[in-house]
Amino acid sequence: MKTETLSPRALNRATLARQLLLDRADLPAVTAIERLAGLQAQAPDSSYVGLWSRLRDFQVDELAKPLAAREVVRSTLMRGTVHLVTAEDSLALWPTIKSVIERGFLGHYSREIAGLDLAAITEAGRELLAERPRTRAEIRTALSERWPEADPVTLAYAVNSHLPLAHVTPRGLWGQTGPVAFSLLEQWVGDPITDGISLDDLVLRYLTAFGPATVRDAQVWSGLTKLKEAFERLRPRLRTFTDTEGKELFDLPDAPRPDADTPAPPRFLPEYDNVLLSHADRTRVIPDGRRVPLPPGNGGRRGTLLVDGEFLAIWAIKGATLTIESPKPLRDQDSIAEEGTRLLEFVVPGQSHDVRFGIGG
């Protein structure tokens, strides 16, 4: 039987459906975070906008409360980047993903760590963090007293890269500020690290949230290498397709794959949203190959805009004004403005709002 070919538009609609971006879902935030295999969360407020775009009638407290209760945590995981995941997932993902984080550290600091005892540095960091949460500066200062000849920044990042850590609140709570501080993940969550999620289960979680996809796509999302064996073990349980370039795609048999002509409403995404970053071939959502911006700040007030499922513009909120910039005029500006007004009502409620379009970005 001939293998079905999926067009970029068909892949786009499938991915949007998995990511809850075709129709907002009636789900609790914690359930959505689990289904999405986490949310990118370098900018602490970005996850609120990410969930607002995906969940019907989402309110700030639906994330702030479980974050404060430690039911969800921000932790360095996939691709060695900060993700918001459920507490249960954080404990399971760390043993499987830690090699990615350690490899990233070695790639940046191989010269600086020459001759240093990483195991001893890691254990000293563990002892410090067992006492209380600490900022990277506090870790750096404390370890420099014991290793005065070493680069202080390297010492701090060695601890961050070799221990399972949580970014502690109040940072990450909407409207609140605080330094980036770390706690031992097990201590913060109150449960032990598990044996880790198997590579097979990790692939299934990925396909649930981002399929159909290639082996390379899954590797880019996770940062792991050599996932082909896991896909081959799973092949009898999966359905295969090809893309228009002939690459083999894998998917769960019963996962949603909407018709390519399914309407895709405008969606405002936060900084560095995972839907833009989780495939080796990003043309399903970024057909022109543009760079995904990562603006500075706490997040929630800048991001990217999907129009008909494609990244076509950037947006920013200053005061109560939303500015949308695109390289050329956007079609269907009325529906974009309506969605933009709803975003303003979420981010800066109780004010007189204004949506403006411009050429740029």
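Identify, from the list Gln351, Gln333, the residue that is more than 22 Å from the chain's Cα centre (by Cα) and open to solvent by 80 Å² or more (accessible area, probe 1.4 Å). After ruling out the rest, the residue left standing is Gln351. In this structure, is Thr341 touching a residue at least 24 places away in the same chain (Cβ under 8 Å), among the polar types (S, T, N, Q) and open to solvent by 30 Å² or more (accessible area, probe 1.4 Å)? No. Of the residues making up the stretch 206-230, those that are of a type in the set (A, V, I, L, M, F, W, C) and within 18 Å of Glu4 (Cβ to Cβ) are Leu207, Ala213. Return the only residue of Ala150, Ala130 being open to solvent by less than 80 Å² (accessible area, probe 1.4 Å) and within 16 Å of Leu184 (Cα to Cα). Exactly one residue qualifies, and that residue is Ala130. Can you say whether Arg205 is under 22 Å from the mean Cα position of the chain (by Cα) and at pLDDT 95 or above, as far as the supplied structure shows? Spelling it out, Arg205 is indeed under 22 Å from the mean Cα position of the chain (by Cα) and at pLDDT 95 or above.
The values are calculated or read from the model by the stated rules, or taken from the named source; none is laboratory data. It should be emphasised that the depicted structure is a prediction, and the values quoted were computed from it without experimental measurement. Please note: Cβ atoms are built from the backbone with ideal geometry, for glycine as well, and neighbour counts cover all protein chains shown. Remember, those area values only see protein heavy atoms, side chains included, never the ligands or the DNA or RNA. Shrake-Rupley method; radii C 1.70, N 1.55, O 1.52, S 1.80 Å.
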